[in-house]
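Below is one structure; the comments refer to it alone.
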C-alpha cells in the first residue's frame, strides 16, 4: 500500500511541477475549422473546444442530468499540449457535464510514466483546466486547448 501511495505522490509531484508551463501550439490542431455543435456545447459549459478532436460524428446530451455520449466513429490518437502526452479517445466517450466540471469520463486515456492512465474528470478553474486521473490532478492553461485537434493518422471530417 505504501508503495502505491509513493508512486501516486511521485506522479502528482511530477505533473504539478510541469503544469505551469506556457502554452505550446498544438501542431495537430485545426484552427480554421468552425466548431461543430458538440464543440459549441463545450463552450456553453465553460470549456474550450480543444478537449475533443475535430472528428466527432455525433453526440447526445441529457440537459437535465448532464449525461453525455460523443461518437467519434473510430478510436482517435492525439498529442496533448503542452507536454506532448499521447492521448487516445475511444470510439465513444461518455461522462457527465455541468458548468465548469466534466465527471465520470470514460473513453479518454493518456500515456505517462510508461503506463496508460484514464482521465476521469476535468474541472475549469479560472484560466486553467484541472485534469483528474483518479486522485491525482494536473493543471494546464485553458488556452492550450483553444483549437480542436485532428486525429493523428487519419483525415479529419472538418
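Here are some notes:
- Among (1) touching a residue at least 24 places away in the same chain (Cβ under 8 Å); (2) outside any loop (DSSP other than H, G, I, E, B); (3) under 20 Å from residue 117 (Cα atoms) - the single one residue 68 does not satisfy: (3)
- Scanning segment 91-125 for residues that are over 15 Å from residue 43 (Cα atoms) and not in a strand (DSSP E or B) yields 113, 114, 119, 120.
- Test: residue in segment 126-147 that is crowded, with 18+ Cβ neighbours inside 10 Å, at pLDDT 90 or above, part of a loop (DSSP other than H, G, I, E, B) and touching a helix residue (DSSP H, G or I) at 6+ places or on another chain (Cβ under 9 Å): yes
The values are calculated or read from the model by the stated rules, or taken from the named source; none is laboratory data. All values reported here derive from a predicted model rather than from experimental measurement. With ideal geometry, Cβ positions are generated from the backbone for all residues, glycine too; neighbour counts draw on all protein chains shown.
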